[in-house]
Amino acid sequence: MKKPLFSFLSSIKLTIILLIIIAVASIVGTIIPQQYEGGETFRHLSPGLVKVFNSLQLFDMYHSIWFIILMVLLSLNLIVCSLNRLPASWKLFSKIPSPDRKKPFENLQPESVILIEKDRNEVISGVEDFLRRKYKKFRRKDADRITYFYGEKGAYSNFGVYIIHLSILIIITGAIIGSLLGFEAFVNIPEGESTYTVHLTRQKGVKKLDFTVRCDKFAISFYDNGMPKEYRSNLSFLKDNNVILQGPLLVNHPITFNGIRFYQASYGTNPGGRAHITVRRENKQETTITIKQKDSFFLNEKNAKVTIVKIEKNFMSMGPAVLMHIQNPKGTVRLWIFKRIEQMKDRIPDLIKKVPTFNPGRYKPYYFELNRIEPNYYTGLQLSHDPGVAIVAIGSLFVILGLFVTFFSSHKRLWVRLDNQDGKTKISVGARSNKDPVGLKREVEYLLRHFSSIG
Amino acid sequence: MIINTVILSWVTFIYFGSAIFYIFKMVTGKEFWGSLASIIAFIGLIAQTAGLILRWLESYKMGIGHAPLSNLYESLIFFSWTIVLLYLIFEWRIKTKNLGAFVIPFAFFSMAFASLSVKSGIQPLIPALQSNWLISHVITCFFGYAALTIACGLGFMYLLKGLEKGEKPHLFFRLLPGREIVDELTYQSVVIGFIFLTLGIITGSVWAYSAWGSYWSWDPKETWSLITWLIYAAMLHSRFVRGWRGKRMAIMSIIGFASVLFTYFGVNYLPGLHSYF
């Protein structure tokens with residue numbers, strides 16, 4: 001039973017079929033919107049089709065059972081294929097072939113052979129010293145009137161491919177660890193508020209953190225042309241009401257706390273906000289206050305309490321406005337104050353007569369001005385906890401190393417043979433390498449140049 | 001119009017001239033045209049480098065300084081720059097000028113597309129793009145793309161060479177380098193492209209990890225870059241394991257390049273994070 005399974009897993013046909021299926025599936029996945037990109041497109045599909053897609057997990061394809069099975073099969077295939085070829089590579093790496101092999105010297109190019117005007121005994125030590133210096137793996141063999149040498153370098157080059165395959169397996173392991181033990185979540189926190197519950201992205205549901213996050217402030221700044229320049233959330237991380245860590249969170253500059261990375265992902269505004277109101281009293285100094293909806297302040301002279309009932313960013317298309325109730329022992333006065341009251345008065349000169357509640361000076365002797373409304377931002381944070389990241393990073397580094405070993409090194413093996421020829425010496429160099437034929441040719445030329453200088 | 005854009009639109013014409021002369025060289029076999037084409041391409045490269053540097057300086061004058069690698073226009077310009085740079089290095093090493101006719105047109109098309117149909121203004125960087133990883137991501141990706149463009153050019157050359165018939169082929173065919181050489185060169189440029197593509201994917205995922213919260217999120221561009229990577233991985237394996245050579249390699253280098261182009265342009269029509277490129 002073991003053998004057919006092994007040969008199935010070790011076939012390169014399986015690799016090709018798996019790669020094609022994975023590629024096609026990935027293409028499909030880029031066309032069908034995946035769940036986290038929003039449910040908009042689902043509505044255009046018929047309910048029956050949605051059902052089929054759902055049962056095939058096509059809306060979260062890359063995390064579906066069948067996609068994971070494909071990945072596991074590919075990994076097994078990679079392991080088995082590598083193991084299959086490893087013994088041959090190991091042999092190439094560890095075994096030093098005998099120097100007097102015939103094959104390397106068959107069909108030698110004429111330029112791989114030189115003739116030296118000296119006796120073999122005179123050149124032999126020069127050649128040997130040079131080869132010994134150049135090649136750590138070195139052998140000599142003497143026969144009747146012939147001396148053989150063998151030298152090699154770059155034997156590690158045979159393992160480049162295994163380094164790459166192993167590191168791809170490491171990356172896949174890291175990814176699996178991340179998806180099993182890690183999580184992704186998001187949370188919106190209004191300015192000034194804090195939370196310890198976040199919404200899980202993939203698993204759905206809510207997760208409780210063992211600490212609290214507070215958004216102290218959210219700010220957005222723009223370039224002159226209106227494009228966003230910076231999103232910044234000032235966050236505090238609290239445990240038992242003590243601030244442990246505080247810092248600004250920006251896009252591209254996540255904050256890590258308790259093994260969870262926080263990312264600036266989005267933002268928005270809630271109704272309300274803070275109004276900046278200037279209160280003036282005839283002939284007296286003015287004060288400016290910043291106040292939230294439903295909060296109150298006192299007018300000291302008339303024993304009156306002002307409550308902010310509503311803060312509107314754009315009230316009936318007339319711009320920012322605030323509704324105030326001013327209470328004193330005699331009763332309550334309603335008052336709408338507008339940021340653009342002057343323009344409104346220009347447009348409709350008798351506005352204040354017609355609508356007394358729009359009169360900023362209605363509650364005498366006070367006069368109210370709305371300077372601006374500071375929107376009530378919330379910051380959208382993305383959270384991720386991924387214990388597999390370090391493993392993936394290590395795997396990636398080794399992929400690069402493996403690529404360089406595979407493509408930029410070669411296992412060069414050289415056989416050198418010295419023959420007596422009527423008092424002269426014939427030197428032949430036979431060479432083999434697993435890649436880079438040009439480099440091997442250069443190596444042979446280099447050796448022969450050196451040998452002829454001995455003579 | 002700002003000076004860098006003027007220079008860069010002139011470079012489009014320079015590359016057009018160079019491509020034409022490379023084709024002259026290929027058809028007539030006269031070395032003169034080849035040398036002229038190389039010199040013109042080199043002048044174009046210098047002018048383009050100057051244009052890119054000016055654009056860089058310009059962005060600092062505007063107070064939004066950043067490397068000119070931040071939108072589709074700039075990436076197209078950089079793409080053609082890497083193609084010409086890599087090509088000239090290649091030409092200098094292999095000492096034949098026949099490949100130019102298959103490669104320089106790509107540099108011209110990229111420039112022409114940038115000049116004619118893409119907004120050329122210098123835009124400030126939105127927060128997500130404010131990252132040094134992004135710069136290394138773009139540089140590695142485009143060097144990879146350029147090497148794979150050269151491989152594709154070589155693939156076409158190989159297939160053209162396959163049309164050669166009879167005892168005494170037309171001069172045109174005799175001037176093309178031998179098939180084994182083209183095959184070896186295709187392999188070498190695919191290797192360079194594959195390594196840069198790998199580096200591009202890795203630097204891109206480091207950037208994603210610091211900007212989006214996940215090193216890999218199966219966004220269409222990521223997925224397509226993986227598909228491209230798998231195609232070239234399959235190509236290299238079929239060479240090493242199965243000993244595929246010649247026509248099959250040529251066809252795969254063209255298929256792989258089609259996938260590169262889709263990763264670069266086609267993905268923009270799918271929803272995802274890379275919509276600004």
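Which residues, taken from segment B:1-20, are more than 15 Å from B:W81 (Cα to Cα) and assigned to a helix (DSSP H, G or I)? Before you say what the answer is, go through the steps one by one.
If we filter segment B:1-20 for residues that are more than 15 Å from B:W81 (Cα to Cα), which is where we start, we get B:1-3, B:6, B:17, B:20.
Within segment B:1-20, B:I3, B:V6, B:G17, B:I20 meet the criteria.
Going through (1) of a type in the set (A, V, I, L, M); (2) part of a helix (DSSP H, G or I); (3) over 18 Å from B:M157 (Cα atoms) one by one, B:V103 falls short only on (3). For A:K426, the conditions (1) outside any helix (DSSP H, G or I); (2) surrounded by 17 or more Cβ atoms within 10 Å (Cβ to Cβ) all hold with the exception of (2).
Okay, residues lined up against (1) touching a residue at least 60 places away in the same chain (Cβ under 8 Å); (2) within 30 Å of A:P254 (Cβ to Cβ):
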| residue | (1), (2) |
| --- | --- |
| B:G178 | no, no |
| B:Y187 | yes, no |
| B:V191 | no, no |
| B:G200 | yes, yes |
| B:S210 | yes, yes |
| B:W216 | no, yes |
| B:W224 | no, yes |
| B:Y232 | yes, no |
| B:H237 | no, no |
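Being of a type in the set (A, V, I, L, M, F, W, C) and either within 17 Å of the chain's Cα centre (by Cα) or outside any helix (DSSP H, G or I) (or both) holds for only one residue in B:I251, B:I227, B:I255, and it is B:I255. For segment A:137-158, a residue qualifies if it is under 53 Å from the mean Cα position of the chain (by Cα) and either without any contact (Cβ under 8 Å) to a residue 12 or more places away in the chain or over 13 Å from A:R413 (Cβ atoms) (or both), and exactly one does: A:Y156.
Of all residues in segment A:176-203, those that are in a strand (DSSP E or B) have Cβ atoms under 6 Å from Cβ atoms of residues that are among the small types (G, A, S), 6 or more apart or on another chain, in A:E184/A:S384; A:N188/A:G380; A:V198/A:A185; A:H199/A:A185; A:L200/A:A185.
Of everything in segment B:21-68 that is part of a helix (DSSP H, G or I) and within 14 Å of chain A (Cβ to nearest Cβ), the residue that is nearest to the chain's Cα centre (by Cα) is B:S59.
Among what's in segment A:101-124 and is of a type in the set (A, V, I, L, M) and more than 53 Å from the chain's Cα centre (by Cα), pick the residue that is surrounded by the fewest Cβ atoms within 10 Å (Cβ to Cβ).
In the first step, residues of segment A:101-124 are kept if they are of a type in the set (A, V, I, L, M); the result is A:108, A:113-116, A:123-124.
Filter once more, keeping what is more than 53 Å from the chain's Cα centre (by Cα): A:113-116, A:123-124.
Numbers: A:V113: 16, A:I114: 17, A:L115: 12, A:I116: 21, A:V123: 19, A:I124: 18.
Only one residue fits best here, namely A:L115.
Within segment A:298-332, the set of residues being farther than 17 Å from A:I277 by Cα and β-branched (V, I, T) comprises just one member, A:T332.
No other residue among A:I124, A:I171 is assigned to a helix (DSSP H, G or I), touching a residue at least 24 places away in the same chain (Cβ under 8 Å) and out of contact with any helix residue (DSSP H, G or I) (no Cβ under 9 Å at 6 or more places or on another chain) apart from A:I124. Filtering segment A:248-264 to residues that are closer than 24 Å to A:E374 by Cα and surrounded by fewer than 19 Cβ atoms within 10 Å (Cβ to Cβ) leaves A:P248, A:L250.
Assess whether A:V206 counts as being at negative phi, free of Cβ contacts under 8 Å to residues at least 12 places away in the same chain and either in contact with a Phe, Trp or Tyr (Cβ under 7 Å, 6 or more places away or on another chain) or assigned by TED's automatic domain parsing to the domain that holds A:Y231 (or both).
Details: at negative phi: yes; free of Cβ contacts under 8 Å to residues at least 12 places away in the same chain: yes; either in contact with a Phe, Trp or Tyr (Cβ under 7 Å, 6 or more places away or on another chain) or assigned by TED's automatic domain parsing to the domain that holds A:Y231 (or both): yes.
For A:V206, the condition - at negative phi, free of Cβ contacts under 8 Å to residues at least 12 places away in the same chain and either in contact with a Phe, Trp or Tyr (Cβ under 7 Å, 6 or more places away or on another chain) or assigned by TED's automatic domain parsing to the domain that holds A:Y231 (or both) - is met.
Looking only at segment B:208-230, which residues are closer than 20 Å to B:N132 by Cα and more than 8 Å from chain A (Cβ to nearest Cβ)? Talk me through it step by step, then tell me what you get.
Taking segment B:208-230 and keeping what is closer than 20 Å to B:N132 by Cα, we get B:208-216, B:221-222.
Those that are closer than 20 Å to B:N132 by Cα and more than 8 Å from chain A (Cβ to nearest Cβ): B:A208, B:K221, B:E222.
Reported count of residues in segment A:249-267, each being more than 9 Å from every other protein chain (Cβ to nearest Cβ), assigned to a strand (DSSP E or B) and touching a residue at least 24 places away in the same chain (Cβ under 8 Å), is 5. Determine, yes or no, whether A:I326 is of a type outside the set (D, E) and modelled with pLDDT under 90. Answer is no for this residue. Criterion first (in contact with a helix residue (DSSP H, G or I) (Cβ under 8 Å, 6 or more places away or on another chain) and either of a type in the set (D, E, K, R) or part of a helix (DSSP H, G or I) (or both)) does A:T357 satisfy it? No; evaluated as a whole, the condition is false for this residue. Among the residues of segment A:142-181, just one is surrounded by fewer than 15 Cβ atoms within 10 Å (Cβ to Cβ), over 26 Å from A:R85 (Cα atoms) and modelled with pLDDT of 90 or more, namely A:L181.
The values are calculated or read from the model by the stated rules, or taken from the named source; none is laboratory data. Bear in mind the structure is a predicted one, so any value in this text is a computation, not a measurement. As a convention, Cβ positions derive from the backbone with ideal geometry for all residues, glycine included, and neighbour counts pool all protein chains shown.
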